[in-house]
Amino acid sequence: MSQQRRRPDGNKTARTAGARSPAERLEPGRAPRRPRGLDAREPSRVVSTIVRIISGVLTVSLIGMLLVGGMSFTIYNQYESPGPLDAPRVVVIPKGEGRIAIAERLEKDGIISNRWTFVGGHLMQNFFGQRKNGELKAGEYEIKEHASIREVIDTLSEGKSILYKATLPEGLTSEQIVERLKAEPSLSGEVTHVPPEGSLLPDTYYFSKGTPRQELLERMQAEMGKALSALWESRDPSLPIKSAEDLVTFASIVEKETGRADERDRVAAVFYNRLRKGMRLQSDPTIVYGIVGGQGALGRGITKFDIETKSPYNTYQISGLPPGPICNPGKSAMQAALHPAQTSDLYFVADGTGGHAFSENLKDHNTAVQKWREVEKQRAKQADGTDSKPDDNSAPIPQAKPDAAAKDQARKGKTLQQARKNAKAAQNQGPAGGAAAGSGDGAAASDQASGATDSADVPLPVKKPKKQ
């Protein structure tokens, strides 16, 4: 039995025979085999790549979110904080300037403290704010004191600029309107062309500093188109005008004949009644426009030669309406042209009070003309008395030989006396048949009594208040 215990273990000796050290004896010579039933599988390289990509994307996104959050907090804090302005200031944003250039301008003027905060705030407002397309508009703006960047952006985005106004009264020609706009220093740019007569709506227009003049003219044309379309729809079909263009032409004559709003419909009725009877309009402003065109004012009285001179606009020489408007009429004149008074009047003449006396027949009209002539005589006497009244406080003037000025004055006095004699002779003869509305002797109205002295055979003209 002892022999059996002493028998060396052959298997153990065989396993440890090749060991070179005690440490190697404690470690297995090779890895243990995989348990049975489990197949050896290697991990997919595609899956590993996808996992790594997703992990990288998530990491970058997280870092980006942290950066954006931090920047947003910083920008929002500066965005809402009061600005550096100690007092209100006016800033002009030129047309066509970009976001960054505007930010630089505001920072330079001391309105904002950081241009990039302004740019970032504007971008954030466009992306996340209620106004998605809040473009910064050109113009002249008044920024209040300590305005925040948000308030500055809102002001520029909404276009709350300082507005200027240009008031263009009724009765001006297109050329006169262009000249007025050229004299307006708050407008900019040149006028490429004068708009057609009657295409501009007289009104008060508001604009920002630097608005191009041509742009304002285009606005006036657009407003005239809108007003004309709306008014033409409400016209009376029985009126002897067949187109919107004729309406503007007719209204322009009414506009130039009277400046009183309460008379426009009666003046329109006179001209409509004359058209229905086949009578010529014989309107003095048409003579003036035929002579000077868009310049507007004649600068003197109308003479017999002017009346007898043929032109496309002289309604003493042509029948019906002239070929186009003689000014730019307002809405009230166009409304009067569409809704004339229901009268049988064929004539009108100034009454001395700023208005007109209307008549249905030539006899009554001649009587009204005589009254107007008396008013003119009284005014002339008053003017002469004022000029010749001595001044008690002045020193006496010594008598001397008449000089050139005195001779010229005497000549003018004789000329005026001769004109009055001619006028008296014309009164005795009576007005011509079919005399002009407001012109009993066939002569046109004048703003000055001295206009009759242009020709020795021209009677003293009848004055009618009218616009220049």
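The values are calculated or read from the model by the stated rules, or taken from the named source; none is laboratory data. No experiment lies behind these values; they were computed from the predicted model shown. Here the Cβ positions follow ideal geometry from the backbone for every residue, glycine too, while neighbour counts run over all protein chains shown.
If I filter region 78-101 down to residues being assigned to a loop (DSSP other than H, G, I, E, B) and of a type in the set (A, V, I, L, M, F, W, C), which single residue comes out as surrounded by the fewest Cβ atoms within 10 Å (Cβ to Cβ)?
Of the residues in region 78-101, the ones assigned to a loop (DSSP other than H, G, I, E, B) are 81-88, 94-98.
Filter once more, so that each one left must be of a type in the set (A, V, I, L, M, F, W, C): 85, 87.
Numbers: LEU85: 17, ALA87: 8.
Taking the candidates together, the pick is ALA87.
Pick from region 226-245 the residues that are in a helix (DSSP H, G or I) and loosely packed, with under 13 Cβ neighbours inside 10 Å: which of them is modelled with the lowest pLDDT?
Looking at residues that are in a helix (DSSP H, G or I) and loosely packed, with under 13 Cβ neighbours inside 10 Å, I get GLU233.
Inspect all residues belonging to region 186-203 and state whether any of them is surrounded by 16 or more Cβ atoms within 10 Å (Cβ to Cβ), free of Cβ contacts under 8 Å to residues at least 40 places away in the same chain and charged (D, E, K, R). Looking for residues that are surrounded by 16 or more Cβ atoms within 10 Å (Cβ to Cβ), free of Cβ contacts under 8 Å to residues at least 40 places away in the same chain and charged (D, E, K, R), one finds none in region 186-203, hence no. Taken as a whole, region 255-265 holds at least one residue that is surrounded by 16 or more Cβ atoms within 10 Å (Cβ to Cβ) and part of a loop (DSSP other than H, G, I, E, B). Among all residues of region 55-68, there is at least one that is more than 30 Å from VAL119 (Cα to Cα) and at pLDDT 75 or above. Looking across region 301-317, just one residue is of a type in the set (A, V, I, L, M) and modelled with pLDDT under 90, and that is ILE302. State whether the residues of region 313-332 include one that is among the β-branched types (Val, Ile, Thr) and surrounded by fewer than 20 Cβ atoms within 10 Å (Cβ to Cβ). Scanning region 313-332 turns up at least one residue that is among the β-branched types (Val, Ile, Thr) and surrounded by fewer than 20 Cβ atoms within 10 Å (Cβ to Cβ).
Just to be sure, is ALA147 among the aliphatic types (A, V, I, L, M), touching a residue at least 40 places away in the same chain (Cβ under 8 Å) and in a strand (DSSP E or B)? Considered against the rule, which asks whether it is among the aliphatic types (A, V, I, L, M), touching a residue at least 40 places away in the same chain (Cβ under 8 Å) and in a strand (DSSP E or B), ALA147 comes out as no.
Here is a yes/no grid of residues against (1) among the β-branched types (Val, Ile, Thr); (2) under 14 Å from the mean Cα position of the chain (by Cα); (3) in a loop (DSSP other than H, G, I, E, B):
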{"site": "GLU151", "(1), (2), (3)": "no, no, no"}
{"site": "GLU170", "(1), (2), (3)": "no, no, yes"}
{"site": "GLU175", "(1), (2), (3)": "no, no, no"}
{"site": "GLU184", "(1), (2), (3)": "no, yes, yes"}
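The set of residues from region 236-286 being touching a Phe, Trp or Tyr at 6+ places or on another chain (Cβ under 8 Å), aliphatic (A, V, I, L, M) and touching a residue at least 40 places away in the same chain (Cβ under 8 Å) comprises LEU239, ILE241, LEU247, ILE253, VAL254, VAL267, ALA268, VAL270, LEU281.
Of the residues making up region 338-358, those that are under 16 Å from THR258 (Cα atoms) and small (Gly, Ala, Ser) are ALA341, ALA350, GLY352, GLY354, GLY355, ALA357. The set of residues from region 148-185 being surrounded by fewer than 20 Cβ atoms within 10 Å (Cβ to Cβ) and within 30 Å of GLY121 (Cβ to Cβ) comprises SER148, ARG150, GLU151, ASP154, SER157, GLU158, GLY159, LYS160, ILE162, LEU163, TYR164.
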